[in-house]
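The values are calculated or read from the model by the stated rules, or taken from the named source; none is laboratory data. Not measured: the values here are computed from a predicted model. All Cβ positions, even for glycine, are placed from backbone atoms using ideal geometry, and neighbour counts span all protein chains on display. Ligands, DNA and RNA are excluded from the accessible area calculation, which covers all protein heavy atoms including side chains. Shrake-Rupley method; radii C 1.70, N 1.55, O 1.52, S 1.80 Å.
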Amino acid sequence: MRRTQNEMKSIEEICAVLDKCKVCRLAINHNGYPYLVPMNFGYEREGGKIYLYFHGANAGTKKELIEKDGRVAFEMDVHEEARISPVACNSYMDYESVCGTGNAEIADDTQKRAYLEKIMRHYTDIPFEMLEKAIEKTMVIRVEVVTITGKFHRTGKGE
């Protein structure tokens, strides 16, 4: 990272951004080009590792591509405020972002409920139920994070 003063130095800082983000962009290899999809997600830290969870239809392009090649990249961000200047190159955005790579796999039927729970808990603490018919029709993707970095720009910091 060129501007090291803008780098998040700890996993706690990175996870604080994950907590705020509502959408993660998942890039999957598709014949040498990224197939990029914005997705709802959940995550967990387990034994020093981070796992991301996504859900979607139980058939289609995402599933086919992950079954062929599970290597993925991801990005998520929180944009706080644009700081616009009359001089274009003096404008900037206050933000926090996280990027990384990982290995994706399709969850088996015994794992889906637990992983869907993690996705739901990312968005709400209210009680909810999961219908078996819906779970059966749902594909759940688990990404074991291999690399992860975080970056920020805040007014008065890292300028």
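Here is a list: 87, 37. Which entry is of a type outside the set (Gly, Ala, Ser) and surrounded by 15 or more Cβ atoms within 10 Å (Cβ to Cβ)? Full working, then the answer.
Working: 87 fails: surrounded by 15 or more Cβ atoms within 10 Å (Cβ to Cβ).
Exactly one of 87, 37 is of a type outside the set (Gly, Ala, Ser) and surrounded by 15 or more Cβ atoms within 10 Å (Cβ to Cβ), namely 37.
Going through the range 116-159 one residue at a time, which ones are assigned to a strand (DSSP E or B) and open to solvent by 50 Å² or more (accessible area, probe 1.4 Å)?
144, 146, 147, 149, 151, 154, 157
Being out of contact with any Ser or Thr (no Cβ under 8 Å at 6 or more places or on another chain) and modelled with pLDDT under 95 is the filter here, so list the residues in the range 70-79 that pass it. Spell out how you get there, then give the answer.
The first filter runs over the range 70-79 and keeps only residues out of contact with any Ser or Thr (no Cβ under 8 Å at 6 or more places or on another chain), leaving 70, 79.
Within the range 70-79, just 79 meets the criteria.
Could you figure out which of (1) closer than 23 Å to residue 34 by Cβ; (2) modelled with pLDDT under 95 isn't true of residue 148?
For residue 148, the exception is condition (2).
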